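Trainee: Here it is, the structure in full.
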Number of protein chains: 2
Amino acid sequence: MEANSAARGRTAPGETRASGGKEGRYHHGDLRNALIRAAIELAAEGGPDAVVLRAAARKVGVSATAAYRHFEGQGDLLGAVKEYGQQRLVACMEAVGRASEDVGPRTVTDRMMELGRGYVRFAREEPGLYRTAFCRKALGAVGLTEEGGLADVEGEQPGWETRSFELLTETLDDAVAAGLITPERRPGAELSAWAMVHGVAMLFLDGPLGTLTDEESSYVVDRVLTDILAGLMSS
Amino acid sequence: MEANSAARGRTAPGETRASGGKEGRYHHGDLRNALIRAAIELAAEGGPDAVVLRAAARKVGVSATAAYRHFEGQGDLLGAVKEYGQQRLVACMEAVGRASEDVGPRTVTDRMMELGRGYVRFAREEPGLYRTAFCRKALGAVGLTEEGGLADVEGEQPGWETRSFELLTETLDDAVAAGLITPERRPGAELSAWAMVHGVAMLFLDGPLGTLTDEESSYVVDRVLTDILAGLMSS
DNA sequence: CGCAGGATGTTTACGCCGTCAACATGATGA
DNA sequence: TCATCATGTTGACGGCGTAAACATCCTGCG
């Protein structure tokens, strides 16, 4: 009770409790976002398994159960990080595209390559966030009953129709418009493309490509992307 | 090897602990395998996260710490399940091939398709085991320091040069021999192929393909495999 | 045959986790 | 002003992985 005024003192060095000045405030003021930021750091360092409710609360300097005022539980917190990771992914994919834009005009094929390069680059640069972005177990909006019963409420699937998938879809449509892909081969093409980049990212993160240098990996990525594009555009 | 109950029987009337008999034997007799079997069930039902040391011990009817006489820890137990899952995967890949053999002669292309079909079929039929088979965190032989420091002792990488990868490699070699893939495109081809099947399996397990029927999924798989093979074999 | 010693299993305990219930604090609006 | 309610806190529970100490049984050696 009164003795814990000492505990009120200070815990997390990097996190001020409130945006402003006063330190020992009982109410944080922006706890939800602070917890998300902390969880993002955890995820970036250790992947989804490292997104531990108590650790995030500790980082912010707040009791573990305080998080329950802002999240349904750790699955919900994880979901917030997941969303952030997905945003970062599309940002990376778009950034690669913009970088190329500056150099000169690009073909549709170029743009597809860029999407793939951006995807893999993000997976390599932020493996923890990437893994978290595609982590099952993470409350989306409502769902997930006890015992894995797929609640599957109305509304949205986890995260496959996010912007990153849209980017791919749009570019494939452009490829059809440009005559690079025949309309008959168009349906399902995003599956092949997506499976490829996702698969090669996994080879980098968990597989035999983990030790490659940037240069080597960029060669491998281009090779793999070339293969799948050749397949999609064949005849 | 399923009938190895109580290989140890001396005079005790009771049979195995798990086989419904009277428990009372202090020593189990085949605890290591019993734990692995239990852990396999757990993995099959709930994936790698469900491989819980205490749960496996409970299933076998033994104290939690008994497992430490046979495994270094839960990572080691998980590793055993992982190995089993990998074996099941290659069994499935080979089974699809054998099934086709019976029907008639196959081309190299056929055999590559079969490998992919078998791979995805296993992922669909045994998602928990599949996920466990490709689960990071699982002691291989020695490694894995504290704190994710990749011990990377000498010897073997986790599991990428297992038989399943070999199957793919051999078949790709055959494709080169048959003139379907040019020697210049051969190096790195397994990466494309592996990334593709791994990626499409993920689309089934965690992605938008999870709800497809067998027929639909088989169509999608063939489509995706056709794409990558076309890419690999294009000029 | 008898018994020491190692192999195997049990109990207890520690610290971590997610989560719930009860309580404390303080911002806010009637 | 002061009751209310959102926001944090403490405490507790059960489950987890794991270590240490103890118990039981098998086995090989005399």
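The values are calculated or read from the model by the stated rules, or taken from the named source; none is laboratory data. Computed from a predicted structure; not experimentally measured. When we count neighbours, we look across all protein chains shown, and the Cβ atoms used for this are built from the backbone with ideal geometry, even at glycine. We work out accessible area using only protein heavy atoms, side chains counted, and drop any ligands, DNA or RNA first. Shrake-Rupley method; radii C 1.70, N 1.55, O 1.52, S 1.80 Å.
Trainee: Round to a whole angstrom and tell me the spacing of the C-alpha centers of the range B:163-235 and the range A:88-134.
Mentor: 23 Å
Trainee: Give the accessible surface of the range B:39-89 per residue, rounded to a whole number of Å², with probe radius 1.4 Å and ligands, DNA and RNA excluded.
Mentor: Computed with neighbouring chains in place, this is 48 Å² per residue.
Trainee: Turning to a different aspect of this structure: Along Cα→Cβ at 7 Å, what distances in nm separate the B:A55 label point from those on the other copies, shortest first?
Mentor: From this label point to the equivalent ones elsewhere in the assembly: 2.1 nm.
Trainee: If you don't mind, there's one more thing I want to ask. Set the Förster radius R0 to 35 Å, insert the Cβ-Cβ distance between A:R186 and B:E45 as r into 1/(1 + (r/R0)^6), and round the FRET efficiency to 0.05.
Mentor: Computed FRET efficiency for A:R186 and B:E45 comes out at 0.35.
Trainee: Shifting gears a bit: Just subtract the alpha-carbon distance of A:R69 and A:S235 from 0.36 nm times their residue separation and send over the number in nm, one decimal.
Mentor: Gain on stretching A:R69 to A:S235: 54.0 nm.
Trainee: How crowded by other chains is A:218-230, given as the mean number of beta carbons from other chains within 10 Å of each beta carbon? The partial results should precede the final answer.
Mentor: Details: counts 0, 1, 4, 1, 0, 6, 10, 2, 4, 16, 10, 3, 10.
Mean shielding by partner chains, rounded to a whole number: 5.
Trainee: Something else about it: Which residues in the range B:27-67 have a backbone N closer than 17 Å to a point placed 7 Å from the Cα of B:R136 along the Cα-to-Cβ line?
Mentor: B:48-49
Trainee: Over the whole of A:203-216, what's the average partner chain Cβ count within 10 Å per residue? Rounded to a whole number, please. Please list the in-between numbers first.
Mentor: Details: counts 8, 1, 1, 7, 10, 8, 3, 4, 3, 0, 0, 0, 0, 0.
Counting other chains' Cβ atoms within 10 Å and averaging over A:203-216 gives 3.
Trainee: What are the ³J(HN,Hα) couplings of the range B:54-59, residue after residue, when phi is run through the Karplus curve with 6.51, -1.76, 1.60 and θ = phi - 60°? Round to Hz, x for glycine and proline.
Mentor: Karplus values, whole Hz, x for Gly and Pro: 4, 5, 4, 4, 4, 4.
Trainee: Taking a virtual spin label 7 Å from the Cα of A:Q87 along the C-beta vector, which residues in the range A:28-46 bring their backbone nitrogen under 20 Å of it?
Mentor: A:29-46, by backbone N distance to the label point.
Trainee: May I ask you to derive the FRET efficiency for A:A177 and B:R223 from their Cβ-Cβ distance with R0 = 25 Å, giving the value to the nearest 0.05?
Mentor: About 0.75, to the nearest 0.05.
Trainee: Subtracting the Cα-Cα distance from 0.36 nm times the residue separation, let me have the gained length for B:A95 to B:H27 in nm, one decimal.
Mentor: Difference between extended and current length: 20.7 nm.
Trainee: Moving on to the next point. Given a 1.4 Å probe and no ligands, DNA or RNA in the count, how much accessible surface is buried by B and A, both sides, to the nearest 100 Å²?
Mentor: Roughly 2800 Å².
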